[in-house]
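Q: Can you keep this structure in mind? I'll have questions shortly.
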Amino acid sequence: MELTAAIRGRRSIRKFEPRDISKETITDILETARWSPSWGNTQPWFLYVLTGKTLQKFKEMNLLQSMAGAPVASDVPMLEKWPDAMKTRYGQLGKVVLSAQGIARDDKAGRERYYAGMVTAFDAPCLILACISRDNLVEYQMLDIGIIAQSICLAAHDKGLGTCLLAATARFPAEIRKIAAIPDDKKIIVGIAMGYPDSSFALNQFERERAKLDEFVSWLD
Ligand SMILES: Cc1cc2nc3c(=O)[nH]c(=O)nc-3n(C[C@H](O)[C@H](O)[C@H](O)COP(=O)(O)O)c2cc1C
(Lines give C-alpha, C1' and ligand atoms only; values in the text may rest on other atoms or scores of the structure.)
Protein backbone atom coordinates (compact mmCIF):
# COMPACT_ATOMS: atom_id res chain seq x y z
CA MET A 1 0.00 0.00 0.00
CA GLU A 2 1.23 3.47 -0.82
CA LEU A 3 2.31 5.26 2.36
CA THR A 4 0.30 8.49 2.03
CA ALA A 5 -2.80 6.49 1.22
CA ALA A 6 -2.13 4.27 4.24
CA ILE A 7 -1.75 7.22 6.63
CA ARG A 8 -4.87 8.93 5.30
CA GLY A 9 -6.88 5.75 4.94
CA ARG A 10 -6.26 4.23 8.37
CA ARG A 11 -9.17 4.81 10.68
CA SER A 12 -10.31 3.41 13.98
CA ILE A 13 -12.26 0.21 13.47
CA ARG A 14 -15.02 -0.51 15.95
CA LYS A 15 -16.50 -3.71 14.57
CA PHE A 16 -14.59 -6.77 13.43
CA GLU A 17 -15.39 -9.94 11.54
CA PRO A 18 -15.51 -13.04 13.78
CA ARG A 19 -12.24 -14.29 12.35
CA ASP A 20 -8.90 -14.90 14.08
CA ILE A 21 -5.64 -13.36 12.88
CA SER A 22 -2.85 -15.86 12.37
CA LYS A 23 0.17 -15.66 14.65
CA GLU A 24 2.34 -15.22 11.53
CA THR A 25 0.38 -12.14 10.50
CA ILE A 26 0.61 -10.57 13.96
CA THR A 27 4.31 -11.39 14.06
CA ASP A 28 4.83 -9.76 10.64
CA ILE A 29 3.13 -6.58 11.86
CA LEU A 30 5.28 -6.46 14.99
CA GLU A 31 8.43 -7.18 12.92
CA THR A 32 7.65 -4.03 10.95
CA ALA A 33 6.67 -1.96 13.97
CA ARG A 34 9.91 -2.71 15.82
CA TRP A 35 11.64 -0.39 13.34
CA SER A 36 9.86 2.57 14.93
CA PRO A 37 12.07 5.40 16.17
CA SER A 38 12.55 6.08 19.88
CA TRP A 39 14.59 8.45 22.01
CA GLY A 40 18.25 7.40 21.65
CA ASN A 41 17.01 4.08 20.24
CA THR A 42 16.01 3.18 23.80
CA GLN A 43 13.00 1.18 22.49
CA PRO A 44 11.24 1.48 25.85
CA TRP A 45 8.18 -0.50 24.80
CA PHE A 46 6.93 -3.90 25.92
CA LEU A 47 4.02 -5.41 24.02
CA TYR A 48 1.66 -8.07 25.36
CA VAL A 49 -0.44 -9.79 22.71
CA LEU A 50 -3.73 -11.07 24.12
CA THR A 51 -5.71 -13.59 22.07
CA GLY A 52 -7.86 -16.68 22.73
CA LYS A 53 -8.87 -17.52 26.29
CA THR A 54 -6.75 -14.79 27.87
CA LEU A 55 -8.43 -12.14 25.75
CA GLN A 56 -11.85 -13.60 26.51
CA LYS A 57 -11.12 -13.36 30.25
CA PHE A 58 -9.87 -9.81 29.76
CA LYS A 59 -13.10 -8.80 28.01
CA GLU A 60 -15.24 -10.31 30.78
CA MET A 61 -13.20 -8.58 33.47
CA ASN A 62 -13.16 -5.18 31.76
CA LEU A 63 -16.90 -5.32 31.16
CA LEU A 64 -17.60 -6.33 34.76
CA GLN A 65 -15.41 -3.57 36.20
CA SER A 66 -16.80 -0.94 33.85
CA MET A 67 -20.45 -1.84 34.36
CA ALA A 68 -19.95 -1.98 38.13
CA GLY A 69 -18.64 1.60 37.90
CA ALA A 70 -15.29 0.61 39.42
CA PRO A 71 -13.07 3.69 39.78
CA VAL A 72 -10.47 3.94 37.04
CA ALA A 73 -7.11 2.87 38.46
CA SER A 74 -4.94 3.21 35.36
CA ASP A 75 -1.14 3.21 35.44
CA VAL A 76 -1.15 6.64 33.78
CA PRO A 77 -3.64 9.27 34.92
CA MET A 78 -6.78 9.53 32.80
CA LEU A 79 -8.01 12.80 34.18
CA GLU A 80 -10.12 13.70 31.14
CA LYS A 81 -9.58 17.42 31.76
CA TRP A 82 -9.19 18.93 28.32
CA PRO A 83 -8.70 22.50 27.16
CA ASP A 84 -11.93 23.85 25.64
CA ALA A 85 -11.07 23.30 21.95
CA MET A 86 -10.17 19.67 22.58
CA LYS A 87 -13.18 19.12 24.79
CA THR A 88 -15.36 20.30 21.89
CA ARG A 89 -13.74 17.84 19.48
CA TYR A 90 -14.05 15.03 22.03
CA GLY A 91 -17.73 15.85 22.46
CA GLN A 92 -18.23 15.87 18.68
CA LEU A 93 -16.67 12.43 18.37
CA GLY A 94 -18.91 11.17 21.18
CA LYS A 95 -21.97 12.42 19.28
CA VAL A 96 -20.93 11.06 15.89
CA VAL A 97 -20.14 7.54 17.14
CA LEU A 98 -23.66 7.33 18.54
CA SER A 99 -25.50 9.01 15.67
CA ALA A 100 -23.64 6.86 13.10
CA GLN A 101 -25.26 3.85 14.77
CA GLY A 102 -28.66 5.51 15.05
CA ILE A 103 -28.40 5.74 18.85
CA ALA A 104 -30.30 8.79 20.12
CA ARG A 105 -28.86 10.92 22.94
CA ASP A 106 -31.61 9.85 25.33
CA ASP A 107 -31.30 6.14 24.45
CA LYS A 108 -29.56 5.05 27.65
CA ALA A 109 -29.71 1.34 26.77
CA GLY A 110 -28.23 2.03 23.32
CA ARG A 111 -25.39 4.06 24.82
CA GLU A 112 -24.69 1.33 27.35
CA ARG A 113 -24.60 -1.28 24.60
CA TYR A 114 -22.06 0.78 22.70
CA TYR A 115 -20.00 1.36 25.84
CA ALA A 116 -20.06 -2.39 26.61
CA GLY A 117 -18.74 -3.00 23.10
CA MET A 118 -15.91 -0.54 23.63
CA VAL A 119 -14.72 -2.00 26.93
CA THR A 120 -14.75 -5.46 25.36
CA ALA A 121 -12.37 -4.17 22.65
CA PHE A 122 -15.22 -4.21 20.11
CA ASP A 123 -14.87 -7.99 20.27
CA ALA A 124 -11.58 -7.91 18.37
CA PRO A 125 -9.75 -11.26 18.14
CA CYS A 126 -6.50 -9.64 19.27
CA LEU A 127 -5.60 -6.94 21.79
CA ILE A 128 -2.06 -5.66 22.11
CA LEU A 129 -1.32 -3.96 25.42
CA ALA A 130 1.51 -1.46 25.05
CA CYS A 131 3.56 -1.06 28.22
CA ILE A 132 6.60 0.77 29.60
CA SER A 133 8.85 0.05 32.58
CA ARG A 134 7.62 1.52 35.83
CA ASP A 135 11.20 2.38 36.84
CA ASN A 136 11.73 4.44 33.68
CA LEU A 137 10.87 7.99 34.70
CA VAL A 138 11.53 9.59 31.32
CA GLU A 139 8.29 11.17 30.12
CA TYR A 140 9.40 11.07 26.48
CA GLN A 141 8.89 7.33 26.41
CA MET A 142 5.16 8.05 26.16
CA LEU A 143 5.94 9.55 22.77
CA ASP A 144 7.87 6.42 21.80
CA ILE A 145 4.87 4.28 22.76
CA GLY A 146 2.67 6.49 20.58
CA ILE A 147 5.01 6.06 17.65
CA ILE A 148 5.13 2.27 17.85
CA ALA A 149 1.37 2.19 18.33
CA GLN A 150 0.92 4.14 15.09
CA SER A 151 3.39 1.83 13.33
CA ILE A 152 1.36 -1.18 14.46
CA CYS A 153 -1.87 0.43 13.23
CA LEU A 154 -0.36 1.28 9.85
CA ALA A 155 1.33 -2.10 9.37
CA ALA A 156 -1.98 -3.78 10.24
CA HIS A 157 -3.86 -1.52 7.82
CA ASP A 158 -1.37 -2.50 5.11
CA LYS A 159 -2.43 -6.12 5.63
CA GLY A 160 -6.14 -5.35 5.41
CA LEU A 161 -6.57 -5.42 9.16
CA GLY A 162 -8.28 -2.80 11.28
CA THR A 163 -7.23 -1.39 14.63
CA CYS A 164 -8.54 0.84 17.38
CA LEU A 165 -6.34 2.35 20.05
CA LEU A 166 -8.25 1.95 23.30
CA ALA A 167 -7.48 3.73 26.54
CA ALA A 168 -10.68 1.98 27.66
CA THR A 169 -8.72 -1.27 27.83
CA ALA A 170 -6.05 0.10 30.19
CA ARG A 171 -8.24 1.28 33.06
CA PHE A 172 -7.84 -1.61 35.46
CA PRO A 173 -4.21 -2.81 35.38
CA ALA A 174 -4.42 -4.67 38.70
CA GLU A 175 -7.32 -6.74 37.35
CA ILE A 176 -5.53 -7.27 34.02
CA ARG A 177 -2.52 -8.67 35.87
CA LYS A 178 -4.74 -11.34 37.48
CA ILE A 179 -5.58 -12.58 33.96
CA ALA A 180 -2.52 -11.87 31.84
CA ALA A 181 1.09 -12.35 32.95
CA ILE A 182 2.04 -8.68 32.81
CA PRO A 183 4.43 -7.97 35.67
CA ASP A 184 3.79 -5.13 38.08
CA ASP A 185 7.01 -3.40 36.99
CA LYS A 186 5.36 -2.63 33.64
CA LYS A 187 2.89 0.23 33.31
CA ILE A 188 0.01 -0.56 30.96
CA ILE A 189 -0.42 2.49 28.74
CA VAL A 190 -2.92 1.67 26.02
CA GLY A 191 -4.50 -1.24 24.19
CA ILE A 192 -4.66 -1.74 20.44
CA ALA A 193 -7.63 -3.81 19.30
CA MET A 194 -6.93 -5.58 16.01
CA GLY A 195 -8.95 -7.69 13.62
CA TYR A 196 -10.47 -7.95 10.16
CA PRO A 197 -12.77 -4.94 9.77
CA ASP A 198 -16.48 -5.33 9.21
CA SER A 199 -16.51 -2.67 6.51
CA SER A 200 -20.29 -2.61 6.16
CA PHE A 201 -20.75 -1.37 9.76
CA ALA A 202 -21.74 2.32 9.93
CA LEU A 203 -19.31 3.05 12.75
CA ASN A 204 -16.45 2.00 10.51
CA GLN A 205 -17.58 4.42 7.80
CA PHE A 206 -18.62 7.77 9.27
CA GLU A 207 -16.82 10.85 8.02
CA ARG A 208 -14.03 11.85 10.36
CA GLU A 209 -13.07 15.43 11.19
CA ARG A 210 -9.64 17.00 11.41
CA ALA A 211 -8.62 20.57 12.17
CA LYS A 212 -7.35 22.59 9.21
CA LEU A 213 -3.61 23.27 9.10
CA ASP A 214 -4.04 26.96 9.99
CA GLU A 215 -5.58 25.94 13.32
CA PHE A 216 -2.40 24.28 14.54
CA VAL A 217 0.51 25.13 12.25
CA SER A 218 2.47 28.38 12.58
CA TRP A 219 4.93 29.26 9.86
CA LEU A 220 7.86 31.16 11.33
CA ASP A 221 9.78 32.53 8.35
C1 LIG B 1 -4.22 7.24 23.17
C2 LIG B 1 -5.53 6.94 22.48
C3 LIG B 1 -6.57 6.37 23.20
C4 LIG B 1 -7.80 6.07 22.58
N5 LIG B 1 -8.78 5.47 23.30
C6 LIG B 1 -9.98 5.20 22.71
C7 LIG B 1 -11.02 4.59 23.45
O8 LIG B 1 -10.89 4.29 24.64
N9 LIG B 1 -12.20 4.34 22.81
C10 LIG B 1 -12.38 4.62 21.47
O11 LIG B 1 -13.46 4.33 20.94
N12 LIG B 1 -11.39 5.18 20.74
C13 LIG B 1 -10.21 5.49 21.33
N14 LIG B 1 -9.19 6.05 20.59
C15 LIG B 1 -9.38 6.28 19.14
C16 LIG B 1 -9.68 7.74 18.84
O17 LIG B 1 -10.99 8.06 19.22
C18 LIG B 1 -9.47 7.99 17.35
O19 LIG B 1 -8.13 7.76 17.01
C20 LIG B 1 -9.84 9.41 16.94
O21 LIG B 1 -11.22 9.64 17.11
C22 LIG B 1 -9.48 9.69 15.47
O23 LIG B 1 -10.21 8.82 14.64
P24 LIG B 1 -9.51 7.81 13.63
O25 LIG B 1 -8.57 6.93 14.42
O26 LIG B 1 -10.65 7.01 13.05
O27 LIG B 1 -8.79 8.60 12.61
C28 LIG B 1 -7.97 6.37 21.20
C29 LIG B 1 -6.91 6.93 20.47
C30 LIG B 1 -5.71 7.21 21.09
C31 LIG B 1 -4.59 7.79 20.27
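Q: Restricting attention to helices (runs of 4 or more DSSP H) lying wholly within the stretch 105-180, give those where 2 or more residues are within 16 Å of the ligand (Cβ to nearest atom) and surrounded by fewer than 22 Cβ atoms within 10 Å (Cβ to Cβ).
A: Values: elements: 108-119, 141-158, 173-179.
Because the criterion is at least 2 residues that are within 16 Å of the ligand (Cβ to nearest atom) and surrounded by fewer than 22 Cβ atoms within 10 Å (Cβ to Cβ), the helices (runs of 4 or more DSSP H) in the stretch 105-180 that meet it are 108-119, 141-158.
Q: Do any residues in the stretch 162-174 that are touching a residue at least 40 places away in the same chain (Cβ under 8 Å) and small (Gly, Ala, Ser) have Cβ atoms under 6 Å from those of residues that are in a strand (DSSP E or B) and more than 9 Å from the ligand (Cβ to nearest atom), where the two are at least six apart or on different chains, and which pairs are they?
A: Gly162/Pro197; Ala170/Ile188
Q: Tell me, yes or no, whether the stretch 74-85 has at least one residue that is among the aromatic types (Phe, Trp, Tyr), without any contact (Cβ under 8 Å) to a residue 12 or more places away in the chain, over 29 Å from Ile179 (Cα atoms) and assigned to a helix (DSSP H, G or I).
A: Step one: list which residues in the stretch 74-85 are among the aromatic types (Phe, Trp, Tyr), which gives 82.
Next, only the ones that are without any contact (Cβ under 8 Å) to a residue 12 or more places away in the chain stay: 82.
Still in the running and over 29 Å from Ile179 (Cα atoms): 82.
Remaining after also requiring assigned to a helix (DSSP H, G or I): none.
Scanning the stretch 74-85, I find no residue that is among the aromatic types (Phe, Trp, Tyr), without any contact (Cβ under 8 Å) to a residue 12 or more places away in the chain, over 29 Å from Ile179 (Cα atoms) and assigned to a helix (DSSP H, G or I), so the answer is no.
Q: If you go through the stretch 59-75 one residue at a time, do you hit one that is within 18 Å of the chain's Cα centre (by Cα), farther than 29 Å from Asp198 by Cα and of a type outside the set (A, V, I, L, M, F, W, C)?
A: Checking the stretch 59-75: at least one residue is within 18 Å of the chain's Cα centre (by Cα), farther than 29 Å from Asp198 by Cα and of a type outside the set (A, V, I, L, M, F, W, C).
Q: Filter the stretch 2-52 down to residues that are among the acidic types (Asp, Glu) and surrounded by 11 or more Cβ atoms within 10 Å (Cβ to Cβ) and give me whichever is nearest to the ligand (Cβ to nearest atom). If you could, list the steps in order and put the result at the bottom.
A: First, pick out the residues of the stretch 2-52 that are among the acidic types (Asp, Glu): 2, 17, 20, 24, 28, 31.
Within this subset, residues satisfying the condition of being surrounded by 11 or more Cβ atoms within 10 Å (Cβ to Cβ) are 17, 20, 28.
Working: Glu17: 18, Asp20: 22, Asp28: 22 Å.
Per the stated criteria, the residue is Glu17.
Q: Just to be sure I understand, how many residues within the stretch 3-20 are out of contact with any helix residue (DSSP H, G or I) (no Cβ under 9 Å at 6 or more places or on another chain) and more than 13 Å from Cys153 (Cα to Cα)? Walk me through how you get there before you give the answer.
A: Step one: filter the stretch 3-20 for residues out of contact with any helix residue (DSSP H, G or I) (no Cβ under 9 Å at 6 or more places or on another chain), giving 4-5, 8, 17, 19.
Still in the list and also more than 13 Å from Cys153 (Cα to Cα): 4-5, 17, 19.
Residues in the stretch 3-20 being out of contact with any helix residue (DSSP H, G or I) (no Cβ under 9 Å at 6 or more places or on another chain) and more than 13 Å from Cys153 (Cα to Cα): 4 in total.
Q: What number of residues within the stretch 166-221 satisfy the criterion of being touching a Phe, Trp or Tyr at 6+ places or on another chain (Cβ under 6 Å) and modelled with pLDDT under 95?
A: So the answer is 0.
Q: To continue, here is another question. Given the conditions (1) within 13 Å of the ligand (Cβ to nearest atom); (2) in contact with a helix residue (DSSP H, G or I) (Cβ under 9 Å, 6 or more places away or on another chain); (3) assigned to a loop (DSSP other than H, G, I, E, B), and given that Arg210 satisfies all but one, which numbered condition is not satisfied?
A: The number of the failed condition is (2).
Q: If a residue must be small (Gly, Ala, Ser) and within 18 Å of the chain's Cα centre (by Cα), how many such residues does the stretch 10-49 contain? Reasoning before the result, please.
A: If we filter the stretch 10-49 for residues that are small (Gly, Ala, Ser), which is where we start, we get 12, 22, 33, 36, 38, 40.
If we keep only those that are within 18 Å of the chain's Cα centre (by Cα) as well, we get 12, 33, 36.
The number of residues fulfilling the criteria is 3.
Q: Can you work out which of the residues in the stretch 181-207 that are out of contact with any Lys or Arg (no Cβ under 7 Å at 6 or more places or on another chain) and over 20 Å from Phe122 (Cβ atoms) is nearest to the ligand (Cβ to nearest atom)?
A: Filtering the stretch 181-207 for residues that are out of contact with any Lys or Arg (no Cβ under 7 Å at 6 or more places or on another chain) and over 20 Å from Phe122 (Cβ atoms), the one nearest to the ligand (Cβ to nearest atom) comes out as Ile182.
The values are calculated or read from the model by the stated rules, or taken from the named source; none is laboratory data. From a predicted model like this one, the values you see are computed outputs, not experimental measurements. All Cβ positions, even for glycine, are placed from backbone atoms using ideal geometry, and neighbour counts span all protein chains on display.
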